[in-house]
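Derivation of every value follows stated rules applied to the coordinates shown; laboratory data play no part. Note that the coordinates shown come from a computational prediction; the quantities given were computed from them, not determined experimentally. Cβ atoms come from the backbone with ideal geometry, glycine included; neighbour counts cover every protein chain shown.
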């Protein structure tokens, strides 16, 4: 109602003035004038009463229409605003899910690398197919991370992930040497150093992803409470 008053106060004030003064004007110019008329005062009073009733009724209807239109527009704007809010929250929820998936994959890679003891593999003399399966598992994880990592919006986090992936890819030839049983002691040191570096890099990536996810949660919380 306040908004309607602010937008239409001039017209409302004029309407009140007209409604207040019109009976006085009619009284002095029609009923109490000196002009001859075929209609008596009662007839004029009845006519103007009907006329004013129609005008006042019309004004009342107009006000009702204005109020209804205003309320409808307000509801539509609120619905539009809520829909935008819900859409933003949905997008943020999807981002959180993507970040969670990436975090799980990086954790899986770290666990895989931690549990891959090259000395144990060589001592136990695993056959080529077993080693190949281990390598395929790692490659599959890396491919999943590469695809999922495209969802990272933070350029710093994305670069760190790419660097970590490239580090582990540099170890692929050593995995192949293990499968072909051409792996030697010199390779073992390079292999272990590379694996250690990869674990450190993926751990840093995971920490960055946690930070990014926290920012998304904060943004989501802010939207939900506004």
Review point. Given labels modelled 7 Å from the Cα in the Cβ direction, how far is it in nm from residue 204 to residue 87?
Key: 3.9
Review point. What is the distance, in nm, between label points placed 7 Å from the Cα along the Cα-to-Cβ direction at residue 50 and at residue 177?
Key: 11.1
Revision key, fill the gap. Checked the range 92-224 against the a/c 1.5 cut and the a/b vs b/c comparison, axes a ≥ b ≥ c from its Cα gyration tensor; verdict prolate
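What FRET efficiency do you get for residue 226 and residue 166 if R0 is 41 Å and r is their Cβ-Cβ distance, rounded to the nearest 0.05? Don't jump to the answer; show the numbers that get you there.
Values: r = 41 Å, r/R0 = 1.01.
That gives a FRET efficiency of 0.50.
How high is the relative contact order of the range 92-224, in percent, counting Cα pairs under 8 Å that sit 6 or more residues apart? Present the calculation step by step, with values, prior to reporting the outcome.
Numbers: 91 pairs, mean separation 55.7, N = 133.
Once divided by the residue count of the range 92-224, the mean separation gives 42 percent.
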